[in-house]
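Some notes on the structure that comes next.
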Amino acid sequence: MSAALLEVRNVTMKFGGVTAIDNLSFKVPEGSTYGLIGPNGAGKTTIFNNITGNYIPTEGSIIFDGEDITGTRPNKVVAKGIARTFQNIRLFKSMSVLQNVLIGFHDQIHYNYFEAIFRLPRYHGYERRIKVEAMGILEEFGLAEYADNEATALSYGNQRKVEIARALATKPKLLLLDEPAAGMNPIETEDLSNIIRKIKEDYDLTVLLIEHDMKFVNAMCDTVTVLDYGEKIFEGRPADAIVDPKVVAAYLGDFTHA
């Protein structure tokens, strides 16, 4: 097995008297696709927020690429190589698809304020390069033809793709996807599965995802951790998760219809 790119060590997250995450540990091997699943309110998005620095764990630590990043500010987490999408799509209104993706390159700027104000050669060279890179990412997602369209005017499925494309523009090692298939029909979900597999290989990514669609999880994930009320109740193959008695008891309705 590959070395762990991400390790969550004994993380507990409390909000007042409520324990959202309870002594959770798991490791995400480099190059894998790893799933976090469980009923609504199980703590899945909370642990994403711990990883990305939006929340600081009450106890425990987050280790990424051998470095303790617990409590690191979100922008610094991105710079270290972790990008994420959100359960509710967050695109910039009134901006085009291309402009939304270009924002992902923000922390990679290689010109200074003076060069930008006076439009000096280094500014123009960099802007041309990132536009080419952004269009290449849009090609991967089948979105190049919509580059100049307003992003929020696209179909729901394509908006999801734009958000993932923007995350990819930050050049992450680890891509966190929060319910990427939510709201998609079966054809859109299968298309997204194929895209994620392709970008994972093309960009040498490790993927950690939250998802309720167990068919999608079975197709994508090597390993899953199942949470229930913030506790880990299972870790292993998706196929084994859906027949585990604890998982069935916690999540019966969704799994029996997967």
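Scan the range 18-36 for residues that are under 14 Å from the mean Cα position of the chain (by Cα) and either modelled with pLDDT under 95 or within 12 Å of Ile233 (Cα to Cα) (or both) and report the count.
Qualifying residue count, the range 18-36: 1.
Looking at Pro180, is it of a type outside the set (A, V, I, L, M, F, W, C), surrounded by fewer than 19 Cβ atoms within 10 Å (Cβ to Cβ) and within 25 Å of Ile37 (Cβ to Cβ)?
no
Quick check on Arg73: is it over 19 Å from Cys221 (Cα atoms) and exposed (fewer than 14 other Cβ atoms within 10 Å of the Cβ)?
yes
Within 25 Å of Gly66 (Cα to Cα) and among the hydrophobic types (A, V, I, L, M, F, W, C): is that true of Leu177 in this structure?
yes
Quick check on the range 156-174: of everything there that is in contact with a helix residue (DSSP H, G or I) (Cβ under 6 Å, 6 or more places away or on another chain) and touching a residue at least 60 places away in the same chain (Cβ under 8 Å), which residue is surrounded by the fewest Cβ atoms within 10 Å (Cβ to Cβ)?
Thr170
Give me the strands (runs of 3 or more DSSP E) completely within the range 169-258, filtered to those with at least 1 residues that are β-branched (Val, Ile, Thr) and not assigned by TED's automatic domain parsing to the domain that holds Val28, ordered by residue number.
The strands (runs of 3 or more DSSP E) meeting that bar number zero.
Which ones in the range 53-68 are of a type outside the set (Gly, Ala, Ser) and surrounded by 20 or more Cβ atoms within 10 Å (Cβ to Cβ)?
Pro57, Ile62, Phe64
Has the range 3-13 got any residue that is more than 19 Å from Ile69 (Cα to Cα), polar (S, T, N, Q), outside any helix (DSSP H, G or I) and over 16 Å from the mean Cα position of the chain (by Cα)?
No: the range 3-13 contains no residue that is more than 19 Å from Ile69 (Cα to Cα), polar (S, T, N, Q), outside any helix (DSSP H, G or I) and over 16 Å from the mean Cα position of the chain (by Cα).
Before we move on, is Thr45 in contact with an Asp or Glu (Cβ under 7 Å, 6 or more places away or on another chain), under 22 Å from Ala165 (Cβ atoms) and at pLDDT 95 or above?
So Thr45 passes the test.
Looking at the structure I just gave you, is Arg129 assigned to a loop (DSSP other than H, G, I, E, B), exposed (fewer than 15 other Cβ atoms within 10 Å of the Cβ) and at pLDDT below 95?
When the stated conditions are applied, Arg129 does not pass them.
Have a look at Gly71, Gly53, Gly104 and point out the one that is assigned by TED's automatic domain parsing to the domain that holds Tyr156, among the small types (Gly, Ala, Ser) and not in a strand (DSSP E or B).
Step by step, each of Gly71, Gly53, Gly104 is checked, and only Gly104 is assigned by TED's automatic domain parsing to the domain that holds Tyr156, among the small types (Gly, Ala, Ser) and not in a strand (DSSP E or B).
Given the criteria assigned to a helix (DSSP H, G or I), at pLDDT below 95 and closer than 17 Å to Arg90 by Cβ, does Gly157 qualify?
yes
Could you grab me the full set of residues in the range 244-258 that are in contact with a helix residue (DSSP H, G or I) (Cβ under 9 Å, 6 or more places away or on another chain) and modelled with pLDDT of 70 or more?
Within the range 244-258, Val247, Val248 qualify.
Which residue, of Lys80, Lys93, is closer than 30 Å to Met184 by Cα and basic (Lys, Arg)?
Just one listed residue meets the conditions, Lys93.
The values are calculated or read from the model by the stated rules, or taken from the named source; none is laboratory data. Nothing here was measured: the structure is a model prediction, and the numbers come from that model. Ideal geometry is used to build each Cβ from the backbone, glycine not excepted, and the neighbour counts take in all protein chains shown.
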